[in-house]
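Comments concern the structure below.
The values are calculated or read from the model by the stated rules, or taken from the named source; none is laboratory data. Only a predicted model underlies this, so the values are computations on that prediction, with no experimental measurement involved. Neighbour counts run over all protein chains shown; Cβ positions are idealised from the backbone, glycine included.
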Amino acid sequence: MRAMVCTKYGSPEVLQLKEVEKPTPKDKEVSIRIYATTVTAGDCRIRGMNPPPMFKLPMRIVLGFRKPKKKFSELNWPVKSKRLAKR
């Protein structure tokens, strides 16, 4: 599957469209297909690591110091279909 991957902080140019392995749901998990998503001002601040000064250190602790801990964003995803794992 194709996904936008963020491997470092910076401007939108750091986002890369890559082929990644399709995740398979584990027990008691659900896999969903995303057909659209949104980009907000908050996403831009987080990906660019450009928050207000008093939030910079706490955000680095939570999100990652040198690069994002998670390569994919996980919010604001409309669901088109889903696949269930074993219960």
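Results, tabulated for the structure shown:
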| read-out | value |
| --- | --- |
| Residues that are in a helix (DSSP H, G or I), among the aliphatic types (A, V, I, L, M) and either over 18 Å from S11 (Cβ atoms) or in contact (Cβ under 8 Å) with a residue 24 or more places away in the chain (or both), drawn from region 45-63 | M54, L57, I61, V62 |
| Leading residue by the ranking (modelled with the lowest pLDDT) among those in region 44-58 that are over 15 Å from the mean Cα position of the chain (by Cα), surrounded by 10 or more Cβ atoms within 10 Å (Cβ to Cβ) and not polar (S, T, N, Q) | P51 |
| Residues of region 1-43 that turn out to be within 17 Å of K67 (Cβ to Cβ) and touching a residue at least 24 places away in the same chain (Cβ under 8 Å), as a count | 13 |
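Okay, residues lined up against (1) among the aromatic types (F, W, Y); (2) surrounded by 14 or more Cβ atoms within 10 Å (Cβ to Cβ); (3) at pLDDT below 80:
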| site | (1), (2), (3) |
| --- | --- |
| S11 | no, no, no |
| P23 | no, no, yes |
| S31 | no, yes, yes |
| G42 | no, no, yes |
| S73 | no, yes, yes |
| K82 | no, no, yes |
| K86 | no, no, yes |
